[in-house]
Structures are given as structure tokens and as C-alpha cells.
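For reference, the structure is listed below as C-alpha cells.
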Amino acid sequence: MNFRKTLSTIMVTVLFFTMLIGGNVFADPGDNSNFITNQNNALENNKILHENMKKNSELDENFAGAYIDEDGNLNVNYVGDIEKVKNTLKLNNVNFHSAKYSYKHLEDITNKLSDKMIELGIKSVELDDRNNKVIITLDKFDKEKENRIKKEIDSPAMDIIEDSHVGSAQFTVNVTNGAQAITAGGQGSTVGCAAKTTSGVAGFLIPGHITAIAGDCSVGGNVVGTVDHGQFGGKIDATFVKCNTGYTPCENFTNGDSYIAATVDTSQYGLVVGLSVYGYGSKSGKQPGKVLSTNYSEVVDGTPMTNMVKCDYKAVHGDSGAGVAYYRYKGSASYEYDVMGLQSFSKLATDGSWIPGTSYSAFSRIDYIFSALGLQNY
């Protein structure tokens, strides 16, 4: 009997087993509806803020970053008269804080140094919205490196520190051993989300650090697609796999969740520090976390990865390519998922294990991926 298969059917079969092994079950946001409702309001306030910034040059120049706090409310850092900006915006449930450095200044430092990490001997560069600074990490602190960095750009907004040397950043892909979410040339990773080319060719995304491996991609032992094109390095870590005849991509996750779109909700107001996100790895299953930095760069295995989003959801070897999504509150106790990006690398112990309180993860933004690879939402 002939019938049309979907990737979701195969993915559920393969990944259900790995999720049972992990033994981790996380509550839906309905169990914390106050936070999610507040977060939704925070994103709406952030949208209003940025729309006003486009029309008000003083507001735009003095904006110093924003983040969502533990209660789900928006916090805004501002250089200048806070009472004046409060009266201008008239936003409810928004906390304003005095800051020294504008966001434009912090972003300028971050982007300039991110482009020269290897040249200057920098391990990572992080724009820290919450604390209104740029954190520059070195493998080992020395005065010569500090002077070279300050010769490139010198600002009191910079904190130059030495790495803790607890764990290391690693791309979260492993050698296939038994059933994996998806394999390509013997490497296992995770199906991230559906996509299609501008000409309408359907497929799905996996990590970019396996783009050199061409040929078939399998899910659950079935050859479902062919590696088409990808990009690895800078702010992109993604590969597009073209679906074979008889297979179609879908918007379902292996635990039964589904998303509405892989969309550019990572625009200025849609992506903010403190936002609750969820990684869907083939190894770790659904993992909750928060955004720690919206502009993070690090040299990983000799490759500069820039403009990534740093988070604290758990992602280990085998989770590369995982879709990273967030709940959007729609009203009337209704939620939906949108995919914001694909898991790229994590800071892990030397044995590849997650270190609570120390490890972090980073994803490549979906809007950057779509633009670089000529793709769009499926």
C-alpha cells in the first residue's frame, strides 16, 4: 500500500525514546500563566518603545538596553531624564533605570570586537543589557592583550575578564550510535524546523557545522532528504535539507507541541534579555531557559561565531540544530509557539555533560538564517 509520509511521524518515533531516557518533563506555561501574561505585555511594551524610538531621536540615542525580569515585566535602561521618558511613553508595568552607556555604544563595541576576536586573542564578547556593559573574556588575562583591545576601542563600558576555565564551548553534534533524530554522513543532530526556498522547494533545517557532509539525510532509518546548501561561521549555523519525494516537513515537535511559524520575531522588540525560551533537542528533549544576551560572540573550535543569542536552556551533544521557540500568549488562556532560531553550541564539561550554573547554550537567529540561505517560512 502506498501512502504519503511526513517527517513528524518518523521524528516522533525516533525522539520519543531519547526523551524517555532523559526523564525530564517540564510544565507548560499555563502553570505559570501570570509570568507568561506579563511577558506578553512586556513584549508589547517593548514594541511600543521601539516604535517611538523610530520617531524620537532623543529617545533612540539615550536608550540603553532592555530586559524582562523574574516577574515577566519589562525593564528599560536609559541615559538621561527618566521622568521625561516615562511621561513620553506612558507605559504600564515598565521599570526604568538610570544608565551610563547607550545601547548604540554597547552595540558598537560588541560588533567591532566580535569581528576581531581571533586577531585580538579574545575568547568571547557579550553585550550585557541587564548590567549596561560589554563583557570581554580572555583565555588568560594579560596586560598586552588588554592594551591591544583598548587600542582598537577603549571605553569604560568594557569589562575585560579571564575565563573561569570550567567547561568549554562545543558544537552540540555527536557521532551516530543507534537511532538519532537525523543523520548525515554518519553525524547525528536534530531537525530544527521546516523551511522552503523562495522558489517553493520544501525542506527542513539542521546545523551548519555539518554542511561539508553532502548526500542523504536520514530520520529513523529512512532517507528523507538531501543536503542542499548551508553556511557555517559568523552569525549563521544552518543547513537546508531538501525533502525527497514522499516526505513533507511539518510544524510539530516530538513531544506533541507545535509551532505556528519560524519567523522574524527576533526583531528589535521580539527578542529581549530575560525572555523565556524552549529548546527542542533530540538528545535533551524539551528544555526551558531564558535569554541571557541577544548579542553574543565566541570563538568555538577556532571558528568565530558572532551575533548569537546566549541562553541557559540545556543542550548537549546531539542537540545541534534544535529549534528554539517561545510561547506567545494569545489571550483567553491560549498559547502558541514561534521558532526563533537553531541551537549551535554550548559550554559543556570536557566529557560533554551539562554543568548546572555554569553551562550555557547559543542559537543562530532564524531571520539571519533565512536571509543568508535564501529561505522562508514553510
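For a 21 Å ceiling on Cα separation, which of these pairs sit above it: K116/K143; K84/K290; K286/K310; K112/K145; K140/K290? Too far apart for the 21 Å limit: K84/K290; K140/K290. Peptide packing for 284-292, 220-228 was compared via the average number of neighbouring C-beta atoms within 10 Å per residue; ordered from the highest value, the list is 284-292, 220-228.
All of the numbers you see were taken from the coordinates with simple rules; none came from a lab. These numbers come from a predicted model, not from an experiment. All Cβ positions, even for glycine, are placed from backbone atoms using ideal geometry, and neighbour counts span all protein chains on display.
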